[in-house]
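Reviewing the structure listed below.
Nothing in this text is a laboratory measurement; each read-out follows from the coordinates by a stated rule. Fair warning: this is a prediction, and the values are worked out from it, not measured in the lab. As a convention, Cβ positions derive from the backbone with ideal geometry for all residues, glycine included, and neighbour counts pool all protein chains shown.
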Amino acid sequence: MTQGLWRGAVPVLALGVLAGCATIAPHPAPAPRPAVARARNAHPRGLLFYHVLLGDIAGQQGHLGEAARAFGQAARETGDLGLIRRSALLSLYARRYAQARKLAVLWLAKDPHSANAREALADADLGLNRVADAEREFGQALAQAATRQGGAGRAFAFEHIATLLLRHRHIPPTLAVMRVLTRRYPKDPIGEYVLAELARQDNDQAAALRAVDAALALKPDWEGAAVLKARILWTAAPRRALAFSARFLKSNPAATRLRLDYARRLVSLQYWHRALAQFRVIARAAPNDPRVLYAAGLIALRTNALGLAESYLKRSLALAPGDAHAELYLGEIAQSEKRYARAHYYYAHVGKPYRFAAMLRDGLMLLQESAPHLAWQRLSRVTARTKGQAAALALARNEVLVALGQYARGLAVLNAAMGPTPQADLLLYARALDEEKLGAVAASERDLERLVAAHPHSAVALNALGYTYIDHDQHEKRGLILVRRALALAPGNPDILDSVGWGYYHQGHPKTAITYLRKAFALSHDPTIAAHLGAALWDVGQHASALRLWRGALMKAPHNAALKAQLAKHRAL
């Protein structure tokens with residue numbers, strides 16, 4: 001409960017008590033001596049004001065139990081109906097059920113026809129585990145509402161009772177009460193819905209499904225019940241949950257809440273294209289909600305629909321200016337499309353908490369623009385404030401130094417950053433690569449062996465160590481075993497397919513190697529993969545194919561050392 005409740009309600013209560021209560025006269029007439037004794041139920045005005053003020057202060061500070069006690073004291077001593085009603089509800093909210101029950105009894109005595117008073121009494125009984133009493137009072141409240149206001153009144157009362165039951169922490173008694181009420185009113189969908197929710201909280205999936213199906217049978221187009229059923233199904237049968245949601249949405253296309261729930265579940269299973277289709281419908285229904293547009297943009301980005309992603313993110317940014325994450329993603333999109341000036345613009349506008357990440361990406365982008373010296377200057381101006389940022393900055397600076405061919409400086413940067421940092425594994429991996437380029441193969445292998453020992457199921461680590469063994473003609477059989485393990489973990493990774501093919505080539509099986517290397521090259525036209533595939537083709541006598549492949553790849557990557565080595569080896573450079 002927010003403090004605003006107290007700021008609004010308590011002064012009114014205080015004025016009502018001090019100025020309008022029947023038991024307290026604001027200006028008592030002077031009585032002739034001997035004085036007439038004060039009535040037993042009268043209360044000194046100052047003490048009453050103290051109770052109300054104490055409740056106000058306690059409520060504003062979030063001490064609901066103390067506030068309930070203070071207002072309950074004032075309510076009992078004044079007998080004011082408004083104060084009794086408010087104090088009873090506050091006591092229920094604060095879970096002071098014994099006090100709430102006493103106040104509810106007073107309330108019902110003063111207003112015998114109040115369904116709310118009877119519901120409050122039942123709520124207190126339930127909190128005190130007086131289940132039979134709660135069943136009786138709730139049932140009378142429903143009957144009373146139906147008598148006075150008809151079916152609509154009973155439905156409203158049922159909904160209110162449902163709210164009361166769902167806030168109780170102890171599920172079995174509430175389930176028992178709701179089962180009684182639903183048997184008494186078997187054609188009320190709200191009762192079945194609440195029964196389903198309570199059964200779900202009690203981890204009784206079968207009972208929850210029976211109840212929610214009963215609610216949907218009574219009200220087939222009820223979106224709230226459909227959302228609940230999808231959530232119940234999701235815990236045990238995700239695909240059934242998705243199938244149900246799809247069927248319901250086909251019949252009820254305006255069920256936006258279920259559609260959003262469905263889309264999120266598709267995202268959790270990485271069904272990106274299906275999720276995007278749902279988010280596009282949601283975005284059309286909520287064209288001015290920046291959160292929906294932002295989510296649609298991210299999903300579009302994951303499906304590589306860059307134009308669509310950019311459109312959604314721009315609209316989201318227009319509605320929520322200064323959204324750092326949207327700016328960052330827009331920069332990434334522009335960068336991937338080589339619109340570097342626009343990417344620099346977006347990165348420059350990214351604020352907290354993504355400012356550091358944007359500065360790193362902005363600097364590294366200069367490598368793509370063939371400006372490594374400018375990249376170094378820009379990254380030299382970046383300051384790290386945490387250990388994690390220090391590691392990320394070291395990796396970025398190392399990447400630039402590698403591009404400049406300054407491997408020793410890059411290695412020094414990594415060594416300076418090594419330590420118990422959140423990204424120590426990445427630093428270790430980068431250091432191993434630098435050591436290999438500097439000819440320190442043994443040191444590189446030691447670092448990669450440490451990485452594999454720490455992460456035995458990491459496809460990246462297994463592939464790096466295995467490829468190093470193979471490429472340097474050391475432990476080739478073990479290297480092939482490692483890269484095959486990596487391939488089992490990431491079967492579609494072109495770098496790992498290349499490693500496996502290169503391993504078979506080194507063991508004298510060029511035909512087997514070609515199978516893996518062709519798959520790798522089809523997925524990624526990497527020049528080093530082209531060098532390896534050409535070597536295997538040459539060994540099986542396909543010299544012309546090998547030369548065409550090498551020369552075509554060299555035109556796109558004129559500085560690739562692996563291609564130059566193969567052409568020089570076969571005197572074709």
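Of note:
- Comparing Cα centroids, the range 351-426 and the range 264-303 end up 33 angstrom apart.
- Range of Cα positions in the range 72-169 per principal axis (Å), largest first: 38, 29, 19
- Taking only the C-alpha atoms of the range 327-430, Rg followed by Dmax gives 13.6, 38 Å.
- Distance between the range 464-490 and the range 494-567 - C-alpha centres, whole angstrom: 17
- Working note: Karplus 6.51/-1.76/1.60 with θ = phi - 60° gives the range 348-363 the couplings 5, 9, 6, x, 5, x, 10, 4, 4, 4, 5, 5, 5, 5, 4, x Hz, where Gly and Pro are set to x.
- Residue-by-residue Karplus 3J(HN,Hα) for the range 424-435, coefficients 6.51, -1.76, 1.60, Hz, glycine and proline x: 4, 5, 5, 5, 4, 5, 5, 5, 4, 5, 5, 4
- The range 252-372 - Rg over Rh from alpha carbon coordinates, Kirkwood radius: 1.03
- Of the residues ASN252, GLN205, LEU306, the one whose Cα sits farthest toward the positive end of the charge dipole of the range 197-323, with +1 on the Cβ of Lys and Arg and -1 on the Cβ of Asp and Glu, is LEU306.
- Amide H within-cut-off set for ALA94, under 5 Å, with H built and near neighbours excluded: none
- Packing here is the average count of other Cβ atoms within 10 Å per residue, and on that basis the peptides 502-515, 376-389, highest first, run 502-515, 376-389.
- Once Rg and the Kirkwood radius are both taken over the C-alpha atoms of the range 198-280, their ratio Rg/Rh works out to 0.97.
- Here is the P(r) of the range 131-254: all C-alpha pair distances, binned every 5 Å from 0, give 2, 12, 21, 22, 18, 13, 8, 4, 1, 0 in whole percents.
- Local net charge near GLY224, Cβ-Cβ under 13 Å (Lys/Arg +1, Asp/Glu -1): -2
- Sequence ranges 410-416, 222-228, ranked by mean other-Cβ count within 10 angstrom, highest first: 222-228, 410-416
- Assigned charges on the beta-carbon of Lys, Arg, Asp, Glu; the range 289-388 dipole about Cα centre (debye): 300
- For the range 425-549, the gyration tensor built on C-alpha atoms gives a prolate shape. Its axis ratio a/c (a ≥ b ≥ c) is at least 1.5, and a/b is the larger of a/b and b/c.
- Distance histogram in 10 Å bins (all Cα pairs of the range 497-566, percent per bin): 25, 58, 17
- Counting beta carbons within 10 Å around each of HIS325, HIS559 and listing the fewest first gives the order HIS559, HIS325.
- The value obtained for the range 394-443, namely the Cα convex hull volume divided by the number of residues, is 61 Å³ per residue.
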